[in-house]
Amino acid sequence: MASTAFRLRRIGAIITISGATLAATATAASAQSNGGDGTALWAARQRVADPAAVVPRRSVQEAALEGTSRVNPLDVLVIGGGATGCGVALDAATRGLRVGLVERDDFSSGTSSRSTKLIHGGVRYLEKAVFNLDYGQLKLVFHALKERKQVIQNAPHLCHALPCMNPCFSWFEVVYYWSGLKLYDLVAGRQMLHLSRYYSVEQSAQLFPTLATKGKGRSLKGTVVYYDGQMNDSRLNVGLACTAALVGAAVLNHAEVVELIKDEVDERVVGARVRDTISGKVFDTYAKVVVNAAGPFCDAVRKMANKDAEPMICPSSGVHIVLPDYYSPEGMGLIVPKTKDGRVVFMLPWLGRTIAGTTDSSTTITMLPEPHEDEIQFILDAICDYLNVQVRRSDVLSAWSGIRPLAIDPNAKNTESISRDHVVSEDFPGLITITGGKWTTYRSMAEDAVDAAIKSGKLKPENGCVTDQLRIVGAYGWEPASFTVLAQNYIRMKQTKGKVIPGVMDTAVSKHLSHAYGSASEHVAAIAQNENLGKRIVHGYPYLEAEVAYCARNEYCESAIDFIARRSRLAFLDTDAASRALPRIIQILATEHKWDKSRQKLELQKANEFLETFKSSKNAQFRDGKHNRK
């Protein structure tokens, strides 16, 4: 009891600090909302919200990059098309700067598509702030809460609030988690999604039927539920890239930087030599400042400028698995607060399936990291301890590994600087590197990087940062009930055995289209209706043939992998379903991109090789809607 009283006193102390900081934060936010250039924001909103607006074709974007020179450079060239890189391109372009972006693979092909799909509000920072009386950690909480709210507001069709259940097996845990999360509500203030609350054992069992109430010498005393944000990460990332393109940035995926170009006099980085990995074409593009946002590959880019550069990345591997939907109820997540080695594991509903993860272990940096069997088993063991059903290895539909680029400040004196916060550094003239951080704070990270680029290149932006008030493409005009418009106004024309047959735009499909594409979903529905592309590409999932065509025309979908992994999420949800969908996906892309038979064969080979990194022979399969164990 003494320990409990001590912890509660610490919570009381932090409340006093948080109250003052909350007031200061509100004042600063109010001041910020009255600043900036309203004209620039209005113009950007008009371009993004225009339903007739289309992104420039890939060939046009490449020509814009190739058309630069030493005397006619871009203001900013971004290397890396993840969340941070696309955020930098969008921020810089909306400040009136001339911007280019190149990505070696596809937008969101790396870490940004392999997250836990949560937009964290910093609840774990709050715990550290309480127990260490650390005001710095408290500021991180305020920052995470503010950015979480903005991510959800700027992409409401792709993000939503998700209740997360924290099971308590002692009355101390009930008091501890309830008081801590009530403090979190207080700190959140206007940034709060919903109030946290306690549920009895009976209520908890109704909300989460597979939660164990007894076992392993313990009994459940109740649960405390709080709210965090959830997103479709790669679709949000692609949306950022397309939004940047709509406001003037020249964004190019499948374009690898092979060399940095330096000024012959002062050795300043002034551009990059780029290879189009689709056509093989090599060209130079020039910029006043280069921003390195290559995630885990930041050090590889830095070594192009200086082969002796000290590392800024401490790579960490995070593995997730996907299970059938029956393991978690729709609309409620579960937190395993402490695994055998002290980690936290989440079990979350996502796109009709269940995600569980993650692990945290050191790793080497590779283009396609693969999950190890012991990591998959670790996650299964962790969630089994909290469920009243046995989770089988054969239930795993897909598994993936992502590399977290934990940041090391190159100017720090020791390795204790390894952090999950971000670092912005110009350790070589003309090359700004931004790394670390997390999805929640991508926007503010991008703002910091653009500020640094402006200072380094003595750039002259037309206005300040406006991305905190700018929604992404598809968000303007979208409402939660928008799916009803699709269901009421569109039919799915499809070809079956050579005959064109009308089909109903059912609720599952219309909801999927509405949430995946926002207000642009009507364009997808129109393609399904007018071009006889209304069939599902694979049984058991709501993805339509029309989406493949739409993504090829409007979202820079240049390969089969681009579609199964980043435009749809089939590779992440069900590797077997993705494999069965490939022939039809490739057939449609071949029509859109005018591929010959040789290219189609190569696409199938590459996509199947890619899917192998998401599965093992033990993975489950769904055939014709039935779960088949191997």
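Below, the figures for the structure above:
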read-out: Answer from A546, A475, A508, A552 - the residue that is in contact with a Pro (Cβ under 9 Å, 6 or more places away or on another chain) and either surrounded by fewer than 21 Cβ atoms within 10 Å (Cβ to Cβ) or assigned to a helix (DSSP H, G or I) (or both); value: A508
read-out: Criterion: out of contact with any helix residue (DSSP H, G or I) (no Cβ under 6 Å at 6 or more places or on another chain), of a type in the set (V, I, T) and at pLDDT 95 or above - qualifying residue of V88, V102; value: V102
read-out: Those strands (runs of 3 or more DSSP E) lying entirely in region 282-367 with at least 2 residues buried (at least 17 other Cβ atoms within 10 Å of the Cβ), at pLDDT 95 or above and outside the structural domain of V450 (by TED's automatic domain parsing); value: 313-323, 333-336, 345-350, 353-357
read-out: Of all residues in region 555-583 being surrounded by fewer than 24 Cβ atoms within 10 Å (Cβ to Cβ), touching a residue at least 24 places away in the same chain (Cβ under 8 Å) and out of contact with any Lys or Arg (no Cβ under 8 Å at 6 or more places or on another chain), the one that is nearest to A244 (Cα to Cα); value: L582
read-out: I313, sole failed condition from (1) in contact with a strand residue (DSSP E or B) (Cβ under 7 Å, 6 or more places away or on another chain); (2) closer than 28 Å to N72 by Cα; value: (2)
read-out: Residue within region 232-248 that is in contact (Cβ under 8 Å) with a residue 60 or more places away in the chain, touching a Pro at 6+ places or on another chain (Cβ under 7 Å) and of a type outside the set (D, E, K, R) present; value: yes
read-out: Filtered residues of region 118-144 (kept if of a type in the set (G, A, S) and either touching a Ser or Thr at 6+ places or on another chain (Cβ under 9 Å) or closer than 25 Å to T354 by Cβ (or both)); value: G121, G122, A129, A144
read-out: Elements of type helices (runs of 4 or more DSSP H) in region 130-217, at least 3 residues being among the polar types (S, T, N, Q); value: 135-154, 201-207
read-out: Lone unmet requirement of (1) of a type in the set (D, E); (2) surrounded by fewer than 19 Cβ atoms within 10 Å (Cβ to Cβ); (3) in contact with a Gly (Cβ under 7 Å, 6 or more places away or on another chain) for D266; value: (3)
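The rows are residues; the columns are (1) surrounded by fewer than 21 Cβ atoms within 10 Å (Cβ to Cβ); (2) under 24 Å from A382 (Cβ atoms); (3) modelled with pLDDT of 95 or more.
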{"site": "M192", "(1), (2), (3)": "yes, no, no"}
{"site": "Y198", "(1), (2), (3)": "yes, yes, yes"}
{"site": "V201", "(1), (2), (3)": "yes, yes, yes"}
{"site": "F208", "(1), (2), (3)": "no, yes, yes"}
{"site": "L211", "(1), (2), (3)": "no, yes, yes"}
{"site": "K214", "(1), (2), (3)": "yes, yes, no"}
{"site": "S219", "(1), (2), (3)": "yes, yes, yes"}
{"site": "V225", "(1), (2), (3)": "no, yes, yes"}
{"site": "G239", "(1), (2), (3)": "no, no, yes"}
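The values are calculated or read from the model by the stated rules, or taken from the named source; none is laboratory data. Owing to the predicted nature of the structure, the values given are computational and were not obtained by experimental measurement. Positions of Cβ are generated from backbone atoms using ideal geometry, with glycine treated the same way; all protein chains shown enter the neighbour counts.
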